[in-house]
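Visitor: Sharing a structure with you now.
The values are calculated or read from the model by the stated rules, or taken from the named source; none is laboratory data. Computed from a predicted model, the values in this text were never measured in an experiment. Here the Cβ positions follow ideal geometry from the backbone for every residue, glycine too, while neighbour counts run over all protein chains shown.
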Amino acid sequence: MSQSVSDVAAILQSGVLAVYPSASLCFGRQPEPHQLIVGSASRQTWFDIASLTKALATTLLTMKLCDEGRLRLDEEVFPGVQVAHLLSHSSGLPACFPPLWADQAGLLIAPSLHTRDFVLSQVLHTPRQPAGLRSLYSDLGFIVLGQLVEQRGAGRLDEQLSAWLEPLGLAIGFRPLDVAPSVSANLCAPTRRESPLREPLQGIVHDDTARAMLGVAGHAGLFAQTDSVYRLGQALLDCYHDVSSLPRAVLGLRTETVRRFFQSPALPGLRSTWGLGFDHPDPVLPGASPSSAGSLWSRRGVGHLGFTGCSIWIDPDSRLVAVLLSNRVDVETPAQAEQTKAALRVLRPTLHDAIVTLMTG
């Protein structure tokens with residue numbers, strides 16, 4: 001069945017109000033991607049991209065440090081826990097812990113350097129299972145990795161990422177709560193806290209733990225415009241394919257490093273779709289729930305999801321990149337947030353199948 005851009009646009013439009021107040025989609029191959037925008041967003045809208053931070057900030061900075069010899073994948077962070085375990089979510093750390101930075105009424109408190117240190121301390125003292133046995137998606141593992149990157153890179157995550165990506169002119173960055181923002185909050189898609197009170201947020205990170213860490217954490221905190229995330233994905237592919245171009249020169253990542261991080265499984269014997277900081281589409285099996293990348297996306301592809309309604313999928317072979325950013329958490333009740341989460345789980349595979357059909361037809 002052939003697809004057109006208007007067919008993809010119709011799928012994206014169908015999600016307005018049912019899945020998200022607004023969304024922006026950018027997909028294609030270099031140099032000219034398709035960009036579609038629905039709801040109240042515009043090309044200038046910055047979205048809170050939540051856990052895409054793990055892939056596009058913490059993982060990329062880890063790649064850079066490995067390239068520079070300041071970090072090793074087999075280096076132990078805890079006894080028996082290597083950097084590769086943190087990247088592949090197989091460190092034995094739990095997924096997360098209950099928010100510790102709100103008062104008993106669930107109200108917001110003022111983040112500070114004290115709360116940032118407190119979060120790190122709590123994570124480091126969290127009991128863990130033996131590493132390397134299975135992958136369990138873990139915010140805590142990436143909080144630990146983020147701290148390690150800050151130590152080895154001699155700077156906070158926001159500072160390191162900004163210094164590295166600035167030559168690319170990308171609209172991607174953290175919004176620290178202790179620094180005057182360079183971009184107005186009015187340009188950010190609104191969200192609401194994951195609490196019964198559903199306090200509105202705009203230009204302030206949605207994730208409670210990341211907010212307690214002053215908006216700069218290894219697992220969340222990044223904001224971005226859709227076309228910039230697309231361009232970063234293509235710059236990564238330039239490195240993967242060793243293309244001599246400006247993005248390749250700016251990122252400066254060795255081909256073998258990028259290919260190692262995109263590899264699956266991440267570690268011998270680890271049965272998981274997780275590579276090193278990037279996920280891979282689930283196998284297409286009869287009766288199984290579809291991957292968010294759909295059934296047609298290359299199973300060699302890599303990507304990541306974000307809780308706020310965001311995703312990136314990259315196909316190294318065809319150089320196809322698809323970036324969906326939305327603010328599906330901008331709803332008034334926890335029940336509505338669960339509904340948009342379920343609805344997005346249905347929309348994503350349909351959208352990505354339509355994209356692949358269009359681009360290969």
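Visitor: I need the full set of residues from segment 211-228 which are part of a helix (DSSP H, G or I) and more than 20 Å from PHE142 (Cα to Cα), in order please. If you could, list the steps in order and put the result at the bottom.
Guide: Step one: of segment 211-228, the residues part of a helix (DSSP H, G or I) are 211-212, 226-228.
Result: THR226, ASP227, SER228.
Visitor: For the structure I just gave you, tell me whether ASP158 is under 20 Å from the mean Cα position of the chain (by Cα), modelled with pLDDT under 95, among the acidic types (Asp, Glu) and more than 30 Å from GLY269 (Cβ to Cβ).
Guide: In short, no.
Visitor: Between a first residue in segment 9-20 that is under 18 Å from PRO33 (Cα atoms) and at pLDDT 95 or above and a second residue that is assigned to a helix (DSSP H, G or I) and not aromatic (Phe, Trp, Tyr), which pairs have beta carbons less than 8 Å apart while being 6 or more apart in sequence or on different chains?
Guide: ILE11/LEU347; ILE11/THR350; ILE11/LEU351; ILE11/ALA354; LEU12/LEU351
Visitor: Across segment 186-219, what is the total count of residues that are touching a strand residue (DSSP E or B) at 6+ places or on another chain (Cβ under 6 Å), touching a residue at least 40 places away in the same chain (Cβ under 8 Å) and polar (S, T, N, Q)?
Guide: 1
Visitor: Related question: In contact with a helix residue (DSSP H, G or I) (Cβ under 7 Å, 6 or more places away or on another chain) and surrounded by fewer than 19 Cβ atoms within 10 Å (Cβ to Cβ), is that true of GLN35?
Guide: Details: in contact with a helix residue (DSSP H, G or I) (Cβ under 7 Å, 6 or more places away or on another chain): yes; surrounded by fewer than 19 Cβ atoms within 10 Å (Cβ to Cβ): yes.
Answer is yes for this residue.
Visitor: Hey, could you check segment 185-210 for residues that are hydroxyl-bearing (Ser, Thr, Tyr) and surrounded by 23 or more Cβ atoms within 10 Å (Cβ to Cβ) and say which is nearest to PHE118 (Cα to Cα)?
Guide: Kept after step one, since they are hydroxyl-bearing (Ser, Thr, Tyr), are these residues of segment 185-210: 191, 195, 209.
Retained after the next criterion (residues that are surrounded by 23 or more Cβ atoms within 10 Å (Cβ to Cβ)): 191, 209.
Numbers: THR191: 25, THR209: 11 Å.
Here the residue is THR209.
Visitor: Given the structure, is GLY141 within 27 Å of TYR230 (Cα to Cα) and in a helix (DSSP H, G or I)?
Guide: Values: within 27 Å of TYR230 (Cα to Cα): yes; in a helix (DSSP H, G or I): yes.
Criteria met by GLY141.
Residue-wise test of (1) at pLDDT 95 or above; (2) assigned to a strand (DSSP E or B).
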site	(1), (2)
PRO286	no, no
LEU305	yes, yes
SER311	yes, yes
VAL321	yes, yes
ARG328	yes, no
ALA343	yes, no
LEU347	yes, no
HIS352	yes, no
VAL356	yes, no
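Visitor: Just to check your reading of the model, which residue among ALA57, ALA41 is within 30 Å of GLY15 (Cβ to Cβ) and either modelled with pLDDT under 95 or assigned to a helix (DSSP H, G or I) (or both)? First the steps, then the outcome.
Guide: Details: ALA41 fails: either modelled with pLDDT under 95 or assigned to a helix (DSSP H, G or I) (or both).
Every option except ALA57 fails the conditions.
Visitor: Additional query: Within the bounds of segment 162-171, is there any residue that is within 30 Å of TYR20 (Cα to Cα), aromatic (Phe, Trp, Tyr) and surrounded by fewer than 20 Cβ atoms within 10 Å (Cβ to Cβ)?
Guide: no
Visitor: Please specify each residue of segment 171-181 satisfying the condition of being touching a strand residue (DSSP E or B) at 6+ places or on another chain (Cβ under 8 Å) and either in a loop (DSSP other than H, G, I, E, B) or touching a residue at least 60 places away in the same chain (Cβ under 8 Å) (or both).
Guide: If the condition is that a residue be touching a strand residue (DSSP E or B) at 6+ places or on another chain (Cβ under 8 Å) and either in a loop (DSSP other than H, G, I, E, B) or touching a residue at least 60 places away in the same chain (Cβ under 8 Å) (or both), then ALA171, ILE172, PHE174, ARG175 are the ones that fit.
Visitor: Quick one: which residue in ARG345, ARG300 is touching a His at 6+ places or on another chain (Cβ under 8 Å) and not polar (S, T, N, Q)?
Guide: That would be ARG300, the only listed residue that is touching a His at 6+ places or on another chain (Cβ under 8 Å) and not polar (S, T, N, Q).
Visitor: Find the residue count for segment 60-86, including only residues that are assigned to a strand (DSSP E or B) and in contact with an Asp or Glu (Cβ under 6 Å, 6 or more places away or on another chain).
Guide: Pass one, segment 60-86, residues assigned to a strand (DSSP E or B): 76-78, 81-82.
Pick out the ones that are also in contact with an Asp or Glu (Cβ under 6 Å, 6 or more places away or on another chain) and you get 82.
Residues that pass the stated criteria total 1.
Visitor: Further, regarding this structure: Residues SER91, SER121: which one is modelled with pLDDT of 85 or more, among the polar types (S, T, N, Q) and in contact with a strand residue (DSSP E or B) (Cβ under 7 Å, 6 or more places away or on another chain)?
Guide: SER91
Visitor: Of the numbered conditions (1) within 23 Å of ASP238 (Cα to Cα); (2) at pLDDT 95 or above; (3) touching a Pro at 6+ places or on another chain (Cβ under 6 Å), ARG299 satisfies every one except a single condition; which is it?
Guide: With (1) within 23 Å of ASP238 (Cα to Cα); (2) at pLDDT 95 or above; (3) touching a Pro at 6+ places or on another chain (Cβ under 6 Å) applied to ARG299, the lone miss is (2).
Visitor: Next up: When you go through LYS54, LYS64 one by one, which is the residue that is charged (D, E, K, R) and touching a helix residue (DSSP H, G or I) at 6+ places or on another chain (Cβ under 6 Å)?
Guide: Just a single option satisfies the conditions, and that option is LYS54.
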